[in-house]
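**Q** Once you've had a glance at the structure underneath, I'll fire off some questions.
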Amino acid sequence: MSKDINIADIVVHLHPENSCDDREKIERELRDHNGVISVHFNERDHPHAVLVAYNPEAVSSQEVLAEIRKCDNNAMMAGF
């Protein structure tokens, strides 16, 4: 039996007025979500973006975005 895992990445842009507390909440909630592998903010270079790595067989990009939108209704996936 193969133990390979598929990994996809998305970048989600947050509203510039999103607070630091919201970012911490987003990280915590996403890390607890089934299928999410990692959550990363780059405060210095891209303070209003979060990179999420996830298993697309366990969770969809739309589900990830919906989780983020619980804290920031204006969040948008990059490229859309």
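**Q** If you take the beta carbon distance between Glu17 and Asn55 as r and set R0 to 25 Å, what does 1/(1 + (r/R0)^6) give as a FRET efficiency, to the nearest 0.05?
**A** About 0.20, to the nearest 0.05.
**Q** I need Val11, Val64, Val36 ordered by Cβ neighbour count within 10 Å, fewest first.
**A** So the residues, fewest neighbours to most, are Val11, Val36, Val64.
**Q** 222 nm [θ] for the chain, helices only, -39500 (n - 2.57) per DSSP H run of 4+, per residue, to 500?
**A** Theoretical 222 nm ellipticity from helices: -8000 deg cm²/dmol.
**Q** If I stretch the segment between Ile37 and Met77 completely, what's the gain in nm (0.36 nm per residue apart, minus their alpha carbon distance), one decimal?
**A** The span from Ile37 to Met77 would gain 12.7 nm if fully extended.
**Q** How big is the dipole moment of the chain about its Cα centre under a simple scheme where the beta carbon of each Lys and Arg is +1, that of each Asp and Glu is -1, and everything else is neutral? Debye, nearest 20, please.
**A** I would put it at about 80 debye.
Values quoted throughout were computed directly from the atomic coordinates according to the rules given, and no laboratory measurement underlies them. Because the structure is predicted, anything quoted here is derived from the model rather than measured. So basically every Cβ, Gly included, is an ideal-geometry build from the backbone, and we count neighbours across all protein chains shown.
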